[in-house]
Structures are given as structure tokens and as C-alpha cells.
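As C-alpha cells, the structure follows; a few thoughts come after it.
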Amino acid sequence: MKRRQLLLGLSTPLAATQPAWAAPEDKLWASRFARPAGGELVLQELKGRWLFVNFWATWCAPCIRELPDLDAFARAQTQWTVLGLAVDGPTPVREFLAKRPVSFAIGLAGLSGSELARQLGNKTGALPFSVALNPQGRIVWRRLGVTHPADLEKLTELPQSKG
């Protein structure tokens, strides 16, 4: 352990600690994910718009049931960006999307996606889990479990979310 850490009473490297004042969304905005078809998804590039993030997996039946509704929302609500973060392996996600493509962006979050979801408010680790963020990058809505069309409609009624 480094002397500075000993003096400060830290048991982990300084770079590995998150400041107490950091908002839970900060980790999301600093994230980068591989895309199933190649390339990289940089979350910071999505800031400044209404963002709906859905944590899902190919083995999660409720996740699969809600995907068509999320896809319809993504196509209809152009002021919103919809992002699916797959808490799953790359191969199952690619195979799934080859059979059931969606119009919104997908990031391969893998098992680290569970930790990110936990930091955003999913205390159980269950899927699906969704959050909505305003253009300032702050969470304005959370849902553990299936998001229904009525939930999505309510999101469009948030102040300033209309085109």
C-alpha cells in the first residue's frame, strides 16, 4: 500500500474510489460499451437529450416481452434516445438480435451491467430495469420490472420532453 493511502486511511487505490459527492449517473455517463455489430457506444455522446436506458438479457422472459414496446417508443418518440444495455454475453445478444432486431442502440454491458444498474437504483439486481434521464443527465424515473406502454406515455408528459 502506498504511503499516501496509509496516511489517508485508504485501503484501495485512490483511482478506484468514487468521490462521495459523485452522482450515481456519473458512472453511466463515463461508460463505453461495445456494440453487437461492432464499434463502440460512448454514453457521453448521448448527453443533452432525453434518454431511456433499459437493462435486459436474452434469458430474461419479461425483458423479451417488453422489447417490442420499447422499440415502438423509440421509433415514435424522436425527442427520446432509447438504449438497451445487455447484461449478457456478446454471442447470445448477437444471435438474439439477428432473429429479433430492434431499432434502438444496444450496448454489450456484460456482467458489469448489473453493477451499473445497482448504482442507478436497482437494489435487487433483477431484470428488466429501466431509468429515464433528462437532458441535464439526471435520473427522473426508474422502473424495476416490465415497462408498459402507459409508463412510456407518461414519460412523454414530463416537462420539456415534448418535441
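Readers should treat all values here as calculations from the given coordinates under stated rules, not as data from a laboratory. As the structure is a computational prediction, the values presented were derived from the model and not from experiment. Here Cβ is always computed from backbone atoms with ideal geometry, including for glycine, and neighbour counts include all displayed protein chains.
Per residue of the stretch 52-60, what does 6.51 cos²θ - 1.76 cosθ + 1.60 with θ = phi - 60° give for ³J(HN,Hα)? Whole Hz please, x for Gly and Pro, Karplus curve as stated.
10, 10, 10, 8, 8, 8, 5, 8, 9
Residue by residue through the stretch 84-93, which ³J(HN,Hα) values in whole Hz follow from phi under the Karplus form 6.51 cos²θ - 1.76 cosθ + 1.60 (θ = phi - 60°), with glycine and proline marked x?
x, 10, 7, 8, 6, x, x, 5, x, 5
Could you name the aspartates and glutamates whose alpha carbon sits less than 18 Å from that of residue 99, not counting residues in the same chain fewer than 8 places away?
Of all the aspartates and glutamates, those that pass the test against residue 99 - Cα under 18 Å, at least 8 places apart if same chain - are 66, 69, 71, 88.
Using modelled backbone amide H atoms (1.01 Å from N, in-plane), which distant-in-sequence or interchain residues come within less than 5 Å of residue 81's amide H?
Those qualifying (amide H under 5 Å, at least 5 residues apart or on another chain) are 50, 51, 52.
Near residue 102, within a Cβ-to-Cβ distance under 10 Å, what is the net charge of the other residues, with Lys and Arg +1 and Asp and Glu -1?
Its environment carries a net charge of +1.
Could you list which residues have their amide H under 5 Å from that of residue 137, counting only those 5 or more apart in sequence or on another chain, with H placed in the peptide plane?
48
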